[in-house]
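Undergrad: Sharing a structure here in structure tokens format.
The values are calculated or read from the model by the stated rules, or taken from the named source; none is laboratory data. From a predicted model like this one, the values you see are computed outputs, not experimental measurements. With ideal geometry, Cβ positions are generated from the backbone for all residues, glycine too; neighbour counts draw on all protein chains shown.
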Amino acid sequence: MSDLKTYPVAFLISESYSLLTRLEQMKPFEMTMPMVRSASVSAEALKLIGKLLDKGKTNLCNSINRYISFLNSKKGSESGEESLQNKFSAMKLRYNQILDQLDIFADVLSQRSEHETGVWLSGLDALAEDGLILGKAYYSVPPLMVYLDRGHGAAIRRARTRLPGGDENPVAVIQIPRERMVGNGIASSLIHEVGHQGAALLDLFTSLKPAIQEAKQTAGKDKVAWAYFERWISEIISDFWALAQLGVSATIGLMGVVTLPGYFQFRFDLDDPHPAPYIRVQLSCRIGKILFPDPQWDRLWNLWESFYPKEKLPPEKLSVMKQLDNEMDRFIRLIINHKPRSLKGKRLIDLFEIPRRQPRNFREAYQTWRKNPGLINTTSPVMVFAVLGQAKADQVITSKEESNLLKQQLNRWANDR
């Protein structure tokens with residue numbers, strides 16, 4: 001047994017070997033995640049995740065081995081206990097950061113073994129990729145992975161942001177609410193999150209925020225509206241991204257997310273990046289009316305107003321809402337016509353195939369599918385959800401019929417990957 005003088009060194013050597021043993025027990029996901037082939041994430045995503053984790057594991061193993069060698073050296077045995085413990089604590093912290101990274105991706109991959117759900121998630125990966133690929137001429141499209149979680153909202157851990165420990169995330173990880181499976185609203189949530197990734201890849205906010213601040217200076221008595229638009233711009237752009245691709249399906253999906261008690265509809269908070277739900281739906285209807293003229297937008301907005309009457313609101317809230325209403329169309333046109341440097345002279349709206357996505361085209365496509373069902377299999381994922389979403393809005397398809405068609409298509413996209 002070590003004497004008291006060498007006991008701290010012996011203790012830290014033992015703890016270091018223990019840490020090294022646990023680290024070496026980490027296996028690649030290919031060896032630990034049971035799933036059918038069609039439920040798997042893309043090969044590129046799996047490769048990049050494996051490379052990230054392997055690099056972190058290898059570097060830490062090397063650090064631990066160097067530390068053990070140092071402890072066994074004369075210099076190590078003569079070092080102060082506090083210094084030695086600090087070095088070990090740093091390695092232990094790094095080990096837990098690697099485990100945090102592992103768990104982030106394990107949450108995604110473990111669901112791929114669930115019967116049916118795993119394959120549907122792979123199909124949703126294809127939908128997410130389709131919602132981002134429209135900008136491939138202006139950015140490199142990262143791999144995307146989708147998983148389910150509880151709650152009503154979705155979220156994204158964007159590619160090229162920092163993971164625990166400071167490593168760069170190689171893939172976009174999108175969390176969507178389980179309660180939306182499988183219905184058209186899932187596309188609204190998913191493409192909204194894809195919009196966050198697209199906006200970051202295009203660096204939209206670098207030029208949008210100064211443009212908003214400039215517009216604010218000429219807003220006169222309605223300056224408060226622009227303060228809110230500036231604070232909410234990230235969420236609004238993501239709603240715009242979804243709406244410009246999915247049409248009315250995005251708005252109805254959004255309404256499903258923000259169906260909340262009246263108290264929450266009119267919460268105006270400049271510390272919150274999310275628009276007040278009532279205004280968020282109003283913006284979606286107004287954008288839809290400008291991009292895709294059709295009576296359905298007024299019908300939807302009138303419906304929402306009837307759900308949440310505002311007559312009894314305090315005057316200060318009514319004043320803010322009036323200012324927002326006054327400036328809303330101007331703000332929407334600023335977004336539509338914005339020319340970020342990343343688009344090389346093109347407007348933001350030019351990214352999206354607006355003429356092709358008019359409601360009349362979606363209606364015609366659905367009627368064509370009814371006569372020739374096989375044609376749906378030649379349609380891209382985003383367009384499938386857009387067409388079926390329009391049919392649902394027009395009440396010419398039942399929820400059950402819609403869900404069955406979407407399940408079939410998710411299975412097909414998963415098998416084609």
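Undergrad: So is residue 103 at pLDDT 95 or above and surrounded by fewer than 16 Cβ atoms within 10 Å (Cβ to Cβ) or not?
TA: no
Undergrad: Would you check if there is a residue in region 189-207 being without any contact (Cβ under 8 Å) to a residue 60 or more places away in the chain, touching a Ser or Thr at 6+ places or on another chain (Cβ under 9 Å) and more than 30 Å from residue 123 (Cα to Cα)?
TA: Checked region 189-207: at least one residue is without any contact (Cβ under 8 Å) to a residue 60 or more places away in the chain, touching a Ser or Thr at 6+ places or on another chain (Cβ under 9 Å) and more than 30 Å from residue 123 (Cα to Cα).
Undergrad: Related question: Considering only region 134-177, state which residues are hydroxyl-bearing (Ser, Thr, Tyr) and over 27 Å from residue 353 (Cβ atoms).
TA: 147, 161
Undergrad: Follow-up. From the set of residues in region 80-109 that are in contact with a helix residue (DSSP H, G or I) (Cβ under 9 Å, 6 or more places away or on another chain) and of a type in the set (S, T, N, Q), which is nearest to residue 28 (Cα to Cα)?
TA: 101
Undergrad: Quick one: is residue 110 over 30 Å from residue 273 (Cα atoms) and in contact (Cβ under 8 Å) with a residue 12 or more places away in the chain?
TA: yes
Undergrad: If you check 220, 195, which single one turns out to be closer than 17 Å to residue 323 by Cβ and not charged (D, E, K, R)? Outline the logic, then answer.
TA: Numbers: 195 fails: closer than 17 Å to residue 323 by Cβ.
So the residue among 220, 195 that is closer than 17 Å to residue 323 by Cβ and not charged (D, E, K, R) is 220.
Undergrad: Go through region 385-417 residue by residue and tally those that are under 16 Å from residue 181 (Cα atoms) and β-branched (Val, Ile, Thr).
TA: Adding up the residues that qualify gives 1.
Okay, residues lined up against (1) of a type in the set (Gly, Ala, Ser); (2) surrounded by 14 or more Cβ atoms within 10 Å (Cβ to Cβ); (3) modelled with pLDDT of 95 or more; (4) part of a helix (DSSP H, G or I):
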position: 317; (1), (2), (3), (4): no, yes, no, yes
position: 331; (1), (2), (3), (4): no, yes, yes, yes
position: 350; (1), (2), (3), (4): no, no, yes, yes
position: 360; (1), (2), (3), (4): no, no, yes, yes
position: 364; (1), (2), (3), (4): no, no, yes, yes
position: 369; (1), (2), (3), (4): no, yes, yes, yes
position: 391; (1), (2), (3), (4): yes, yes, yes, yes
position: 396; (1), (2), (3), (4): no, no, yes, no
position: 400; (1), (2), (3), (4): no, no, no, yes
